[in-house]
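Structure record follows, encoded as structure tokens.
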Amino acid sequence: SQKIEQNSEALNIQEGKTATLTCNYTNYSPAYLQWYRQDPGRGPVFLLLIRENEKEKRKERLKVTFDTTLKQSLFHITASQPADSATYLCALDSDNYGQNFVFGPGTRLSVLP
Amino acid sequence: DTEVTQTPKHLVMGMTNKKSLKCEQHMGHRAMYWYKQKAKKPPELMFVYSYEKLSINESVPSRFSPECPNSSLLNLHLHALQPEDSALYLCASSQELLASLYEQYFGPGTRLTVT
């Protein structure tokens with residue numbers, strides 16, 4: 001069956017360290033992955049999109065990689081800050097026609113001062 | 001203006017009531033979405049509209065009825081809901097359906113409680 005997994009439900013790290021979040025998928029062949037941030041009681045906010053022909057994408061302190069062989073995307077936040085504390089969701093389009101968007105379960109990141 | 005607005009913010013309704021959720025965007029986006037999100041779970045896609053036509057209906061019960069009166073507005077009509085329908089209902093929009101090119105912009109959601 002099709003499945004998206006994110007490495008852990010919750011992740012605690014110390015301020016200033018690099019947070020690494022993992023998104024693994026099974027029985028999908030996504031042409032891209034998107035990453036979103038969601039704060040409690042709010043809608044998700046888009047962070048980064050990476051396509052299958054791109055190995056790595058960066059935006060300020062954020063970096064995402066995409067390995068179609070491993071069926072995995074890694075999301076990194078460098079020099080993490082308490083304001084980075086939120087739930088991070090990976091998402092893909094299950095049929096690649098842009099219609100059937102599926103989110104992973106999310107990782108709740110807490111950056112401790 | 002990169003904002004998606006949703007009204008109301010909170011809604012409490014009985015199982016026999018009829019109510020509607022509203023969503024609006026003025027970014028010229030041609031794709032709009034309804035998601036349902038239960039506590040500590042990811043958003044689940046319910047409906048997709050593209051150019052005001054219903055494109056996806058993810059086997060959602062008929063007590064939820066979407067409507068797209070024009071390219072800026074999206075409604076979700078609710079009737080005879082069950083307590084398990086209590087959730088955060090999120091609206092989103094994107095420039096087009098091609099999610100390999102366009103990200104989704106989400107509204108703040110409507111917190112629905114069915115009593």
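Assorted remarks:
- Candidate set from the stretch B:67-111 (those that are modelled with pLDDT of 95 or more, touching a Lys or Arg at 6+ places or on another chain (Cβ under 9 Å) and at the interface with chain A (Cβ under 7 Å from one of its Cβ atoms)); member that is surrounded by the most Cβ atoms within 10 Å (Cβ to Cβ): B:LEU90
- The condition (being away from chain B (no Cβ under 13 Å) and more than 19 Å from A:SER110 (Cα to Cα)) is satisfied by just one residue among A:GLU56, A:GLU52: A:GLU56.
- In the stretch A:86-111, residue farthest from B:GLN95 (Cα to Cα) [restricted to those that are crowded, with 17+ Cβ neighbours inside 10 Å and polar (S, T, N, Q)]: A:THR107
- Restricting the stretch B:69-112 to residues that are polar (S, T, N, Q), in a strand (DSSP E or B) and touching a residue at least 24 places away in the same chain (Cβ under 8 Å) leaves a set whose member that is nearest to A:GLY43 (Cα to Cα) is B:THR110.
- Only a single item in (1) within 13 Å of chain A (Cβ to nearest Cβ); (2) modelled with pLDDT of 95 or more; (3) in contact with a Ser or Thr (Cβ under 7 Å, 6 or more places away or on another chain) is not met by B:ARG30, and it is number (2).
- Given (1) assigned to a loop (DSSP other than H, G, I, E, B); (2) over 15 Å from the mean Cα position of the chain (by Cα); (3) crowded, with 16+ Cβ neighbours inside 10 Å; (4) not hydroxyl-bearing (Ser, Thr, Tyr), index of the condition A:PRO30 fails: (2)
- Residue in the stretch A:92-111 that is outside any strand (DSSP E or B), touching a residue at least 60 places away in the same chain (Cβ under 8 Å), more than 26 Å from B:TYR33 (Cα to Cα) and touching a strand residue (DSSP E or B) at 6+ places or on another chain (Cβ under 6 Å) present: no
- Of the set (1) surrounded by fewer than 17 Cβ atoms within 10 Å (Cβ to Cβ); (2) in contact with a helix residue (DSSP H, G or I) (Cβ under 9 Å, 6 or more places away or on another chain); (3) at pLDDT 95 or above; (4) not hydroxyl-bearing (Ser, Thr, Tyr), all apply to B:PHE64 but (1).
- Exactly one residue out of B:LYS40, B:LYS9, B:LYS19, B:LYS53 is on the phi > 0 side of the Ramachandran plot and out of contact with any His (no Cβ under 7 Å at 6 or more places or on another chain): that is B:LYS40.
- Condition broken by A:SER1, with the remaining ones in (1) surrounded by fewer than 19 Cβ atoms within 10 Å (Cβ to Cβ); (2) without any contact (Cβ under 8 Å) to a residue 40 or more places away in the chain; (3) within 12 Å of another protein chain (Cβ to nearest Cβ) satisfied: (3)
- Evaluation of A:THR87 against (1) without any contact (Cβ under 8 Å) to a residue 24 or more places away in the chain; (2) within 10 Å of another protein chain (Cβ to nearest Cβ); (3) in a strand (DSSP E or B) (one fails), failing number: (1)
- Taking the stretch B:78-115 as the range and being in contact with an Asp or Glu (Cβ under 6 Å, 6 or more places away or on another chain) and more than 19 Å from B:ARG30 (Cα to Cα) as the test, only B:VAL114 passes.
- In the stretch B:18-46, the residues that are under 14 Å from the mean Cα position of the chain (by Cα) and farther than 28 Å from A:GLU9 by Cβ: B:LYS19, B:SER20, B:LEU21, B:LYS22, B:CYS23, B:GLU24, B:GLN25, B:ALA31, B:MET32
The values are calculated or read from the model by the stated rules, or taken from the named source; none is laboratory data. Predicted model, so just to flag it, every value in this text is computed and none were measured. We place every Cβ from the backbone using ideal geometry, glycine too, and count neighbours over all the protein chains shown.
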